[in-house]
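Notes to accompany the following structure.
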Amino acid sequence: MYAASSTAVVTGAAGGIGRALTDRLAAQGFRLVIADLDPGVEALAAAVGAVAVVGDCATEAGVTRLVDTAWAELGRVGVFFANAGTDVGRGLSTPDAEWATALEVNVMAHVRAARLLVPRWLEGGGGRFVVTASAAGLLTMLGSAPYSVSKHGAVAFAEWLRATYGHRGIVVQAICPQGVRTRMLDAAGPLRDLLTRDRALEPAEVADVVWLALQGDDFLVLPHPEVAGYYRARATDPDAWLAGMGRLQAKLDHGTAV
C-alpha cells in the first residue's frame, strides 16, 4: 500500500516505540518528520534522513508548528503517528497538575493534531491517523488512574474519528500493546510482572506489527494478540472481569499500606 516517498510524522520519536516506528518507516523509504521534547531526536533524524522538530507536541502552538513544518517539508502528511505519551500519576492522591498533564499529552495532543490534519485530508487524498494508546485503553492499568483514564480517552477519540470520517477516506487506527521494553516498563515497579505476563515485546516487534497493520485498515492494532480475548471478556461480563482485576489488585496490595 505504501511506496517509497510516502510521508509520515512520528511524535515521541526519540525512544521506545516511536524510535522503532521511525527506523521501520525510514527503512521502507518513507520521508519523515519526527518530533520529541528530547533533543536527541535530532541525532536520530540525521541518521535516517528525517526532519526533526524539537518541542512539546501536546500544546496548540507545538502541534501547529509540527504540522506546518511537516506540510512544508513533505508536501503533505500521509500518515500521522500520535505516539508521544506519558505515564505520570498514580492513584487518588495524584495532583491535579499531573492529571492535566496526562490528559494533555495522551488525549488533547491527538485532538489538536486532528483539528489541523482532518480538514486538509478531506480536501483531497485522505490520510491515516494512528494513535499509540495501550491495552490500558481497552482494559485498565492497576496503580495508575491518570494513565487508565487518558488512554481510554485516546481510544475513544480515535473511535469517534473513525466513525465520523472513515467513510470519507480517513483511516484511524489504535495501537494497544501490553508490556513493551521501554522506559515506562522499566519504571513500572511492582506492576512490571503483571505487564509482562504475556511477554514483554521489543519496540521493533511492535513496529513490525504496526507495519503490517498499515497494509489494511483494522481499527485495533494488537501487538499482544491475547488482549483481544481480555477485551471480549471485559465486554461480555464486566462484573466478572472487574472481580478478577480486584483479585490482582489485592495481590499488589499484600504487605503494603492502602
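The values are calculated or read from the model by the stated rules, or taken from the named source; none is laboratory data. Everything numeric here is computed off the predicted structure, so don't read it as measured data. With ideal geometry, Cβ positions are generated from the backbone for all residues, glycine too; neighbour counts draw on all protein chains shown. Protein only, heavy atoms only, side chains kept; ligands, DNA and RNA dropped before computing areas. Shrake-Rupley method; radii C 1.70, N 1.55, O 1.52, S 1.80 Å.
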> Where does the longest stretch of the chain lie that holds no trypsin sites (Lys or Arg not before Pro) found in a DSSP loop with 15 or fewer other Cβ atoms within 10 Å?
Replying inline: 91-196
> Hey, what's the chain come to in accessible area per residue, 1.4 Å probe, Å²?
Replying inline: 46 Å²
> How long are the three semi-axes of the equivalent ellipsoid for segment 24-84, computed from the Cα gyration tensor as the root of 5 times each eigenvalue, in whole Å, largest first?
Replying inline: 17, 14, 10
>> I'd like the accessible area for Met245, computed on protein heavy atoms only with a 1.4 Å probe and all protein chains in place. Round to 10 Å², please.
In response: 40 Å²
> According to the Cα gyration tensor, what semi-axes, each the square root of 5 times an eigenvalue, does the equivalent ellipsoid of the chain have, listed from largest to smallest in whole Å?
Replying inline: 31, 19, 18
> Taking 1 over the mean of 1/r across every pair of different Cα atoms in segment 1-137, what Kirkwood radius in Å do you get?
Replying inline: 15.2 Å
> When all alpha-carbon pairs of segment 68-172 are counted, what percent fall beyond 24 Å?
Replying inline: 29 percent
> At Ala204 and Phe219, where each label point lies 7 Å from the Cα along Cα→Cβ, what is the point-to-point distance in nanometres?
Replying inline: 3.3 nm
> For the chain, which whole-number percentage of the solvent-accessible area (1.4 Å probe, protein heavy atoms only) is attributable to carbon and sulfur atoms?
Replying inline: 56 percent
>> Report the gain in length on full extension from Ala97 to Ala43: 0.36 nm times residue separation, minus Cα-Cα distance, nm rounded to one decimal.
In response: 16.3 nm
